[in-house]
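Data block below; observations after.
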Amino acid sequence: MKLSEELLWRGFWKQATFTDAAVIDGAPRTLYLGTDPSADSLHVGHLAVYMMVRHFLEAGHNVVLLVGGGTAQIGDMRDTKERELLPLDEIAYNKRQLSQQVSAIFAGKKFTLVDNYDWLMPITLIPFLRDIGKSFNMAELTQRDFFKARIANGSGLSFAEFTYTLLQGYDYYHLHKQHNVTLQIGGSDQWGNLLSGVELIRKKTGQTVHAMTAPLIVNKSTGRKFGKSEGGAVWLDPAKTSPYRFYQFWLGTEDDSVEDYLKIFTMLPKEEILAVVQRHESDPGKRYGQRVLAREVTSLVHGVERCKAVEDVTEVLFGGRMVADLSEVALAALAAEVPTVSTAEHETLVTGLVAAAAAKSNGEARRLIAGGAVRIDGQKVQEDRQLSGPALIKKGKNVFILVTT
């Protein structure tokens, strides 16, 4: 498939300043994608547009990834209310974290990583307004959706926030001059800001450049932006969302979204995706499609070894696999998710249950055991016993305790 056909089939093509597919199917060009470090991690909602850019890389195009250390000091415009300004040291920390994450997503691929702090901070006000500000028409800017929404809800917006679109437009202009960038990629909520750069370059140089967006992914059952769980955002940073919980998030995908997410969030070829979907639909209860999806995305974000570890942990918790079979990496992943008791401190099952807060007292622990509510490594136990590890205690359906030596 040509790149344009690939993007359309996968559902990436939302808006574009061009209609001729030759713009992206022709000779390699240089494109860029920017992200502001407004948090110390990307979440899975950001991942879609990065996967779109990954397909450009695979097709032979050149990619510049921008981390907005400069624009983050102003804050991107929203249609609800103005963002709180972040402390400068927090922006600096977030910038380092995001730089590591975007590098990991494209590990093994050639790309250029830049920070707009480097060219925005030296700018002085009067020359910028004279040279760049004169190229922006207020009548056009005030017709944009975010501006209308903010005026309608009565919150208004500051001049600093309003100038964000000028800064993003200037980013494109700078990258066009310095790196010959002729295409900017972004989420569909960034369409207006992308057009700022396209128009600025046309006015300043007379050249035609382009912009293209990916759709915002929405959870079909909740209508919320994709990437949120009951506990909040699902982050790419393993310190904020563990690889195990990340894997479980994808494993919990609803059946009617499996095909869409395989297309968007994995690099599996079309033929393989269609085969996975066919097998999944033949017996949805086995959740084959969800398992393939979870494996592919977790491997991409956290690496193959960590993905294998959390798959093994899932098998121990819900598939009957023995804890003793786990690798050290998988055992550490399990210990991060469930309470852990050591046989050096807690010699018996009763004391282990109490120590892990699975029972409030020794008496309650004994009653749970006598009632058949406790298992060790899948085997029901009905009396107290000495603990030996590694082992897995299970109380009821979903309370687990790891026993270590």
- Message: Test of understanding: among I273, I264, which residue is within 18 Å of I105 (Cβ to Cβ) and at pLDDT 95 or above?
- Response: I264
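So that you can scan it fast, the table gives a plain yes or no per residue for (1) under 17 Å from T165 (Cβ atoms); (2) surrounded by 13 or more Cβ atoms within 10 Å (Cβ to Cβ):
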residue	(1), (2)
E82	yes, yes
V102	no, yes
T112	no, yes
N116	yes, yes
P127	no, no
N137	yes, no
K148	yes, no
- Leading residue by the ranking (surrounded by the fewest Cβ atoms within 10 Å (Cβ to Cβ)) among those in the stretch 335-372 that are closer than 25 Å to V313 by Cβ and either touching a Cys at 6+ places or on another chain (Cβ under 6 Å) or among the acidic types (D, E) (or both): E345
- Meets criteria (under 21 Å from L175 (Cβ atoms), surrounded by fewer than 19 Cβ atoms within 10 Å (Cβ to Cβ), without any contact (Cβ under 8 Å) to a residue 12 or more places away in the chain and of a type outside the set (F, W, Y)) for G26: yes
- Mind counting the residues in the stretch 288-306 that are hydrophobic (A, V, I, L, M, F, W, C) and either in contact with a strand residue (DSSP E or B) (Cβ under 7 Å, 6 or more places away or on another chain) or at pLDDT below 95 (or both)? 3
- Taking the stretch 47-60 and keeping only residues that are in contact (Cβ under 8 Å) with a residue 60 or more places away in the chain and either within 15 Å of Q100 (Cα to Cα) or over 19 Å from the mean Cα position of the chain (by Cα) (or both), one is left with L47, E58
- Message: Quick check on this structure: which one of L251, L200 is of a type in the set (A, V, I, L, M) and within 27 Å of G169 (Cα to Cα)?
- Response: L200
- Message: Which of the numbered conditions does V329 fail, given that it passes all the others? Conditions: (1) over 21 Å from R245 (Cα atoms); (2) out of contact with any His (no Cβ under 7 Å at 6 or more places or on another chain); (3) at pLDDT 90 or above.
- Response: (1)
- Query: What about W9, is it of a type in the set (F, W, Y), touching a Lys or Arg at 6+ places or on another chain (Cβ under 7 Å) and in contact (Cβ under 8 Å) with a residue 60 or more places away in the chain?
  - Reply: yes
- Task: Being surrounded by fewer than 17 Cβ atoms within 10 Å (Cβ to Cβ) and either touching a strand residue (DSSP E or B) at 6+ places or on another chain (Cβ under 6 Å) or on the phi > 0 side of the Ramachandran plot (or both) narrows it down to one of G252, G223, G285, so name that one.
- Result: G223
- Item | Sole residue being over 25 Å from P28 (Cβ atoms) and not in a strand (DSSP E or B), chosen from Q207, Q248, Q190, Q178 | Q248
- Would you check if G133 is of a type in the set (G, A, S) and at pLDDT below 85? no
- Task: Tell me which residues, restricted to the stretch 252-284, are assigned to a helix (DSSP H, G or I), of a type in the set (A, V, I, L, M) and over 15 Å from the mean Cα position of the chain (by Cα).
- Result: V258, I273, L274, A275, V276, V277
- Query: Does A214 satisfy the criteria of being without any contact (Cβ under 8 Å) to a residue 60 or more places away in the chain, surrounded by 21 or more Cβ atoms within 10 Å (Cβ to Cβ) and under 16 Å from the mean Cα position of the chain (by Cα)?
  - Reply: no
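The values are calculated or read from the model by the stated rules, or taken from the named source; none is laboratory data. Treat the numbers as computed from the prediction; the structure is a model and nothing was measured. Positions of Cβ are backbone-derived with ideal geometry, glycine not excepted, and every protein chain shown enters the neighbour counts.
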